[in-house]
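The values are calculated or read from the model by the stated rules, or taken from the named source; none is laboratory data. In this text the structure is predicted, and so the values were computed from the model without any measurement. So basically every Cβ, Gly included, is an ideal-geometry build from the backbone, and we count neighbours across all protein chains shown. When the accessible area is computed, the model is the full protein with side chains, heavy atoms only, and any ligands, DNA or RNA have been set aside. Shrake-Rupley method; radii C 1.70, N 1.55, O 1.52, S 1.80 Å.
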Amino acid sequence: MKFSLLVPVLSLILAVCAARSPYQAVLQHSRLRGRSQGPNVCAMQQVKGTDKKYFTNCKQWYYRKICGKPTVITYECCPGYEKIPGERGCPVALPLVNIYNTLGVVGASTTQMYSERAKLKEEIEGPGSFTFFAPSNKAWAALPAEILDALVSNVNIELLNALHYHMVNHRLTTEELKHGSTFPSMYQDSHVHIHHYNNGIVTVNCARLIKPDQHATNGIVHVIDRVITAISNNMQTIIDVDEDLETLRAAFAAAGLTTLLESEGQYTIFAPTNDAFEKIPRETLNRILGDPVALKDLLNYHILKHLQCAESIVSGASMETLQGTSLEVGCDGDQITLNGKAIITKKDQLGTNGVIHYINELLIPDTAKTLLELAEGSSVSVATKLFVDAGLSSHLTGSEALTMLAPLNEAFKGGVTMTPEMKKLMTNHILKEQLSSKSLYHGQELETLGGLRLRVFIYRNSLCIENACIAAHDKTGRFASLFTVDKVLVPPMGTVMDILKGDERFSILVGAIQMADMTELLNQQGALTFFAPTNQALVGLPKTDLVGLMDNSQQLSDMLRYHMGEGMLVSGGISSHTRLNSLQGEVLELSVRNFTVYVNKVPVVIADLMATNGVVHAVNSIIKPLSPKVDREQADGPAGARRSAASSTVDTTSFRNDELFQKVLRSRSSRTMSRSQ
């Protein structure tokens, strides 16, 4: 029984998969969605508040939107079928009649009327095999009055010519309407241009086929949503004769792209008008117009590698430009959007080698921008202001090969003021060469404008320069690049031992390191990760444990080595279940929870104190080995938080003068002296 139910469903799925063209695929999908209404019923999506209807694919059906607008589902007879009163669905095939009568059946009665007026009726009633791209009634109504009057005033010539341009002298189903194909029309063999898109939309001269494949005895009718006109000029000629594109014409000539616009091809140009160029600051525009490389990149960024009619766009998609990067082309209702902006003022100016859409804003690619322009267009406004306030504008607007390390706005805590130290820090956020993050390698050293050398660390899921890890894709400008990083850079200042000695929070640890004879280890060259116990961590130990630890150099050394890992591991390189071999020999288990790093469930309270030979992460609890039975992932956060809260009640302000600690130090020193004697 179950098998018998599966058979029709599988048959429908196989029919969709076997569809021979994108249009056939969406038509089959619509049949599949409409099968509950009866035989030969197609489900359509109609944009709310309009009469626009679409056969749709699975994605559009799932989102229930066309060009960002909600849709309602309507059910209609699939092409070629009709309803019978009292019966379910559309069980009967439409009777075949000639093209003239078919025009009336499919809702193209205005085309039918004009065919009669132009003396075309006899031809499309008689023998032959024609394809008629018939404008809908609304398409004729949308024509400007002066154009329509010119057509119908001399019916024997202009109107007949216009209708013949909508006809091809043989039968063409959607299966034969291949993407990029052209066919000679019945008006002086002037070609009509076909585009058949992956979303199932088919266009002729950028007019959408809204009722395709309406068969007749002497041909086939495709109802289209606009009246089309003959195409005779290439894109260069269109630009040459349009005064609104005068600046663009001069720019194409200066960049040597005129030949491209005259050549055979299938391109899409988003053409900036004169007003679009006027909106750009004069200094920026002059810089780009005077730089052949930047100018060519700018113009190629406005050209798609394929022809994209406006009616083919029903959702957003990334489309490749001749410049090599992509534009996000989408739509919002009737408006086409570019990178999220509705800036197109005129659509579908079709040429023999492509289509032109007019835009009222200039699109400037990153490759034509200065470093400052790259930063201004990113989420690093705080850092950008600091670079300017630090007097680095000449570097950000010039032609030096540089790379900016720009921290995200949230990396700056509280108010930031410009001081000599901050100026020096911002200078060390600019590298002396233009780089790509893809070319960086582990252990590489990079020189800053401030003269420091920064190290590169590559981890499984992140790439870091010192403590700052890259948080977004590179932006590659004309001469310089921008890396967005997640933290303010902390350049290495001294060895691990220098860092500990310079921070009062580690004063007890420094004494313990000296007692364990490990000072040289923390001063020597190398790469070390130290989860350094603060005074609070050591004070939190029971006094008997502390005395025993300080009195046994081997035990003290083992404890400290268990807190040290092999290699440099900054916080940005840590992910769930990261493991690090300790110098003591056992493995440390690391993870991240709520932006806090945990090592063996102990939270790191201060991360990424960068040293020339390692990195220090402060912990407020002594790290102990985990039980093999502990579910580490579940225990990371709460256990560490409880320990931290419990130990935070200990007063550490007077520990350095604590009688017990001083006694331990004196005892340890006297034994060392006696052994040396």
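I want the antiparallel fraction of DSSP beta bridges within the chain, as a percent rounded to 5. Show your work: numbers first, answer last.
Values: 79 of 102 bridges.
Antiparallel bridges make up about 75 percent of those DSSP assigns within the chain.
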Tell me which GluC sites (Glu not before Pro) from region 210-278 have a DSSP coil assignment and no more than 10 other beta carbons within 10 Å of their own.
Glu264
Which of the listed residues, Asn274, Val227, Ile238, is farthest toward the dipole's positive end in region 225-296, when Lys, Arg count +1 and Asp, Glu count -1 at the beta-carbon?
Asn274
Honestly region 92-155 on the Cα gyration tensor test (a ≥ b ≥ c root eigenvalues; a/c under 1.5 rounded, otherwise a/b vs b/c for prolate or oblate) is just oblate
In degrees, nearest 10, range 0 to 90: what is the angle between the Cα axis of helix 246-255 and the longest Cα principal axis of the chain?
60 degrees
Along the Cα-to-Cβ line of Asn360, 7 Å from the Cα, sits a label point; which residues in region 257-288 have backbone N less than 20 Å from it?
269-282
For Gln434, put the label point 7 Å out on the Cα→Cβ axis and report which residues of region 318-347 keep their amide N under 12 Å from it.
none
Peptide ranges 472-482, 510-520 listed from the most packed, as the mean C-beta count within 10 angstrom indicates
472-482, 510-520
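Based on the alpha-carbon gyration tensor of the chain and its eigenvalue square roots a ≥ b ≥ c, which shape applies: rounded if a/c is under 1.5, prolate if not and a/b is larger than b/c, or oblate?
Numbers: a/c = 4.24, a/b = 2.20, b/c = 1.93.
Prolate is the answer for the chain, as a/c is 1.5 or above and a/b outweighs b/c.
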Difference of contour (0.36 nm per residue) and Cα-Cα distance, Lys424 to Leu148
92.3 nm
Approximate spin-label separation Ser326-Phe412, in nm, with each point projected 7 Å along Cα-to-Cβ
3.2 nm
Probe of 1.4 angstrom, ligands and nucleic acids ignored: what's the accessible area per residue over region 431-497, in square angstrom?
45 Å²
Expected vector for region 566-580, Karplus 3J(HN,Hα) from phi with 6.51, -1.76, 1.60 and θ = phi - 60°, integer Hz, x for Gly and Pro, equals 7, x, 8, 10, 7, 4, x, x, 9, 10, 4, 6, 6, 10, 9
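If packing is taken as the mean number of other Cβ atoms within 10 Å per residue, what is the order of 381-389, 214-222, highest first?
Working: 381-389: 18.8, 214-222: 21.6.
The densest-packed peptide leads the list: 214-222, 381-389.
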By the mean-Cβ-within-10 Å protection proxy, highest first, 40-50, 62-72 rank as 40-50, 62-72
Across 5 Å bins from 0, what is the distribution of all Cα-Cα pair distances for region 459-562, in whole percents?
2, 10, 16, 18, 13, 11, 9, 8, 5, 3, 2, 1, 0, 0
Nearest-0.05 FRET efficiency for Glu520 and Arg453 at R0 = 25 Å, using Cβ-Cβ distance, is 0.60
Holding the Cα-Cα limit at 25 Å, pick out from Lys59/Lys296; Lys279/Lys424; Lys59/Lys369; Lys65/Lys178; Lys65/Lys347; Lys424/Lys487 the pairs that are longer than that.
Lys59/Lys296; Lys279/Lys424; Lys59/Lys369; Lys65/Lys178
Taking the Cα centre of the chain as origin, sum charge times position over the Cβ atoms of Lys and Arg (+1) and Asp and Glu (-1), and report the length of that vector in debye to the nearest 20.
2420 debye
Separation of the Arg579 and Asn274 label points, Cα + 7 Å toward Cβ, nm
7.1 nm
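Give me the percent relative contact order of the chain, please, defined on Cα pairs under 8 angstrom at least 6 residues apart.
Answer for the chain is 7 percent.
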Output the 0 to 90 degree angle, nearest 10, between the alpha-carbon long axis of helix 632-647 and the longest principal axis computed from the alpha carbons of the chain.
50 degrees
Carbon/sulfur fraction of accessible area - the chain, other protein chains in place, 1.4 Å, %
51 percent
Per-selection metrics, region 54-194 (Cα): Rg and Dmax in Å
17.9, 50
Work out the length of the dipole vector of region 215-324 about its Cα centre, built from +1 on the beta-carbon of each Lys and Arg and -1 on the beta-carbon of each Asp and Glu, and round it to the nearest 20 debye.
220 debye
When the charge dipole of region 112-259 is computed with +1 at the Cβ of Lys and Arg and -1 at the Cβ of Asp and Glu, the Cα pointing farthest to the positive end, of Leu143, Ala253, Phe183, is that of Phe183
Modelled label reach - Asp334, point 7 Å along Cα→Cβ, region 114-143 residues with backbone N closer than 20 Å
135-143
How many angstrom lie between the Cα centre of region 124-180 and the Cα centre of region 406-466?
64 Å
Pairwise FRET efficiency - Ala230 versus Lys48, Cβ, R0 = 30 Å, nearest 0.05:
0.25
Using θ = phi - 60° and the Karplus form 6.51 cos²θ - 1.76 cosθ + 1.60, what ³J(HN,Hα) does each residue of region 446-451 get, whole Hz, x for Gly and Pro?
10, 8, 9, 4, x, x
